[in-house]
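Below: the structure, in structure tokens.
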Amino acid sequence: AAEEAASAAKEAFTEAQAAVVKAEKAASGEQEEEATAEETTEGDAPAEEEGDEAAEELKVPEFVGVDKSLGSVLYSQWELIESSFMKGLKRAFYNLREERSVALGHFVDVKKNFLRFLRRADTKQQLLTTFQREYNSVDLDLRRKIEAKAEMLLRAEELRDTLWDVCDKKLEENEMERDRIMADTWVEDHTKLLAEQFVAIVQLEVDRHTASVEVMRDYYRAKCGHLLQPRNEEQLEAKNTSLVDIGGYTGATAAQTPETGAKKGGKETPGEDESASPSWLVPLAESVPTLHAALVAALAIIPAPPGEEGEEGADPKGKAKTPEPEAESEEEIAAKKQEKIVDMAGQDAYLREREILTLRLERLATRADVYIRELNDAAQVTKERLESWMAERYQAECSAVSAVIAVVRNAADAETELPHDLKLNGQEFVEDINIMALEPSAPPPPPPPAETPRNPGILSCKQLQLVASTFQAACPAGVMSVADASVILARVGAEEGGFGMPASWSSAPYERIRDTLEVLDERTTGHLDWREIFMSFVVASFPSLAAGTPPMIAKSAGDLMTADTDMDGLLSLDEFLGVKLWFETADVNDNAYDRGLELKKAIFKSMEVENSSKEKKLDYATAMLYLCSSGTLLEGCDKAFHCIGKGGTVSGEQLVKLAYPMGRAAGVGVGRAPYSGADIQDLMRKIVEAEGNKEDQTVVVSAADGAEQPVTELAKSAGGKTDATITAKQLLDHEEGNEFAKTQLSHYVLKTLKIT
């Protein structure tokens, strides 16, 4: 636009020069009659001659050349005018672009904020969550009743109405927000700002036109040979054309445009009504009245071409009808003549400049109308978009509510719960199958830890417990016939679906089982101690048990005695399980299955007795003796001596306990108790006397660990004192003691029961 303005200005200047050349040619071609009138007295010349003389005086004289220095000055003035004009245009165009960018950003922000307002959170999700929780709390059996189903459907309808009420309330709030946005005066305010920018451009155009015309008048004054007179302050002020002073456009409307113009420099500019306004001004009369008034004022101050202005009191021919109200001096009359001649000389150039200004103002008005309409159209489109979004949002939210109710009704009709999480987020309804709305039921208890299967033929801890409990229930005393023991083992093998014993035992016939058990009946009495069967199975399953040394067994026995706080020789199951025995140091934890702990439970079952309170207790001294079995008689006896004796030595009373761990009474009638207590005491005296005949021997050596063990004076003990003690080696070294050990202490020798 700035380039177009500069181009138009140059074109106007070129046309003005062409008009000057044309005027020079016209002046040189005229045939002027030379009048050599003689001087006459005043009042003698007729009126016709005076009129001819005045006409000759208003003719354009022959143009003269313009001094180069003056031309340079005029050209500099014209360049200054154009430079100021271009700077003003650039500033105005920048402001217009800025306003356009601000307007676009404003409408974008309005739509974003309104969308954010539409998507605000509400209470529908809380209502739905509460309903779902209450719905799922109804018992499943109750849902099958017709009355309960009807109640569920009624609650679903009530939920729908409640959720729709929330949607209606949000719609009212949305409409209020839309009305607030539409009531904002932002568009009107920025329309005024746009109008101000266009008014500033109109002012630039008027200033450029006025200044350009003055430069052209100075040029024609010089061409006509007139001297350029300096202008006083009043003349300079008269040339400063302000639209505010002339048109009074600020705040004016088309209907308020004055019929008469404002005075400027003592002259009146005629007012224009709407009917006299150009057609291109009509659209701005109502849309931008401020700019309309400024354009009307700008058109009013454009000077008319010479010959069209007319003066009060003059006819079209220029002849005076009435005399001037005030007499003018000859200098004033001469100055006016010069100005009229200058106007006549540049008449075509002035007319062309006026046409250019009129066209530029017309284009400016057209562009201003487009700008204002674009702003109003953007506001209207934004309003329609907000209304469309608001209606679509309301419809979508109501549809989402309907979808929720459909799911609830289907569940009520199907007499089922609402298992999955229901999410109602604005216009979106989601049934999330990945999230359960029901409280998770208690998980089933984890399966008990199972023991890893061992080698075939080896009993598991569970099977050991079954064997112990079965034999304990059948014969607590321990001594029973081989036939009965065989039957019990066959019966145990049939337990647990045939898995009460290893397959080799459960599938074996009775005769083979009996033949296998006869190894425990060394004296062929037809009877055995079933606890020897149990210990044979235990050692086969827990090899670490037989690997215990006498000191290890002595320590475990001491720990058990420490756990016996009431010193009654009995321990409860918890007390027994709380003491760590030597075989628990290895092969204890097996995939979270504590085999050592389960073995101790089986041992407890095999040795349990009832106390005076009818509570199940463990005779831990007896249990420890059965755990002393080893590969040889000496090793087994040495472990047993360390278990109940002090330092690997035992007294006569303790030797009786070693011979009959469960008591002598059970084996008396079946030939398994040939030695009485007195016999054992006599054997002790014989062993002590035999040891006393040795050369002042005051120490004995334990065969198990090789450690020196102090012994009482055996010679003095031979007289029958109860504190006389012997070791396992001393017992076995004695002839009668060795015979006694083979018959009564053979259960300390480990016997492997392997069925074939």
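Modelled with pLDDT of 90 or more, closer than 19 Å to I201 by Cα and surrounded by fewer than 12 Cβ atoms within 10 Å (Cβ to Cβ) - does that describe any residue in segment 99-107? Looking through segment 99-107, none of the residues is modelled with pLDDT of 90 or more, closer than 19 Å to I201 by Cα and surrounded by fewer than 12 Cβ atoms within 10 Å (Cβ to Cβ). Within segment 426-483, the set of residues being under 12 Å from W530 (Cα atoms), open to solvent by 30 Å² or more (accessible area, probe 1.4 Å), hydrophobic (A, V, I, L, M, F, W, C) and assigned to a loop (DSSP other than H, G, I, E, B) comprises just one member, A477.
When residues of segment 485-540 are filtered for being of a type in the set (K, R) and part of a loop (DSSP other than H, G, I, E, B), how many remain?
Going through segment 485-540, the residues of a type in the set (K, R) turn out to be 491, 512, 514, 523, 531.
Now restrict to residues that are part of a loop (DSSP other than H, G, I, E, B): 523.
Of the residues in segment 485-540, 1 are of a type in the set (K, R) and part of a loop (DSSP other than H, G, I, E, B).
Which residues, taken from segment 527-562, are free of Cβ contacts under 8 Å to residues at least 60 places away in the same chain, aliphatic (A, V, I, L, M) and either touching a strand residue (DSSP E or B) at 6+ places or on another chain (Cβ under 6 Å) or more than 27 Å from S612 (Cα to Cα) (or both)?
Just the residues of segment 527-562 that are free of Cβ contacts under 8 Å to residues at least 60 places away in the same chain, to begin with: 528, 530, 542-544, 547, 552, 555, 558-559, 561-562.
Now drop any that are not aliphatic (A, V, I, L, M), which leaves 528, 547, 552, 561.
Answer for segment 527-562, where residues must be free of Cβ contacts under 8 Å to residues at least 60 places away in the same chain, aliphatic (A, V, I, L, M) and either touching a strand residue (DSSP E or B) at 6+ places or on another chain (Cβ under 6 Å) or more than 27 Å from S612 (Cα to Cα) (or both): L528, A547, M552.
Right, A547: exposed (fewer than 15 other Cβ atoms within 10 Å of the Cβ) and under 25 Å from L577 (Cα atoms) or not? In short, yes.
I'd like the full set of residues that are closer than 25 Å to E532 by Cβ and surrounded by fewer than 20 Cβ atoms within 10 Å (Cβ to Cβ), limited to segment 562-571. Walk me through it before giving the result.
At the first step, the residues of segment 562-571 found to be closer than 25 Å to E532 by Cβ are 569-571.
Listed by number, the list holds a single entry, G569.
Taking the conditions (1) over 28 Å from A483 (Cα atoms); (2) open to solvent by less than 30 Å² (accessible area, probe 1.4 Å) in turn, D594 satisfies each one other than (2). Of the residues screened, E384 is one that is part of a helix (DSSP H, G or I) and either of a type outside the set (S, T, Y) or under 40 Å from the mean Cα position of the chain (by Cα) (or both).
Test R523 against the criterion of being basic (K, R), crowded, with 20+ Cβ neighbours inside 10 Å and within 28 Å of A659 (Cβ to Cβ), and give yes or no. No. Can you tell me which residue within segment 404-425, out of those that are exposed (fewer than 15 other Cβ atoms within 10 Å of the Cβ) and under 27 Å from the mean Cα position of the chain (by Cα), is nearest to D161 (Cα to Cα)? Step by step, filter segment 404-425, then rank; the result is N425.
Taken together, the residues in segment 605-635 that are under 24 Å from Q463 (Cβ atoms), surrounded by 17 or more Cβ atoms within 10 Å (Cβ to Cβ) and among the aliphatic types (A, V, I, L, M) amount to 6. Being over 54 Å from the mean Cα position of the chain (by Cα), at pLDDT 85 or above, in a helix (DSSP H, G or I) and surrounded by fewer than 16 Cβ atoms within 10 Å (Cβ to Cβ) is the requirement here; does E339 meet it? So E339 fails the test. A single member of G578, G569 is in contact (Cβ under 8 Å) with a residue 40 or more places away in the chain and among the small types (G, A, S), and it is G569. For segment 626-646, enumerate the residues that are touching a helix residue (DSSP H, G or I) at 6+ places or on another chain (Cβ under 6 Å) and closer than 11 Å to A554 by Cα. Answer for segment 626-646, where residues must be touching a helix residue (DSSP H, G or I) at 6+ places or on another chain (Cβ under 6 Å) and closer than 11 Å to A554 by Cα: C628, D638, K639, A640, F641, H642, C643, I644, G645. Here V579 does not fit the description of being surrounded by 12 or more Cβ atoms within 10 Å (Cβ to Cβ), assigned to a strand (DSSP E or B) and at pLDDT 85 or above.
The values are calculated or read from the model by the stated rules, or taken from the named source; none is laboratory data. Source: prediction; values computed, not measured. Neighbour counts are summed over all protein chains in view; Cβ atoms, including those assigned to glycine, are modelled from backbone coordinates with ideal geometry. Quick note on the areas: whole protein, heavy atoms, side chains included, nothing else; ligands and nucleic acids left out. Shrake-Rupley method; radii C 1.70, N 1.55, O 1.52, S 1.80 Å.
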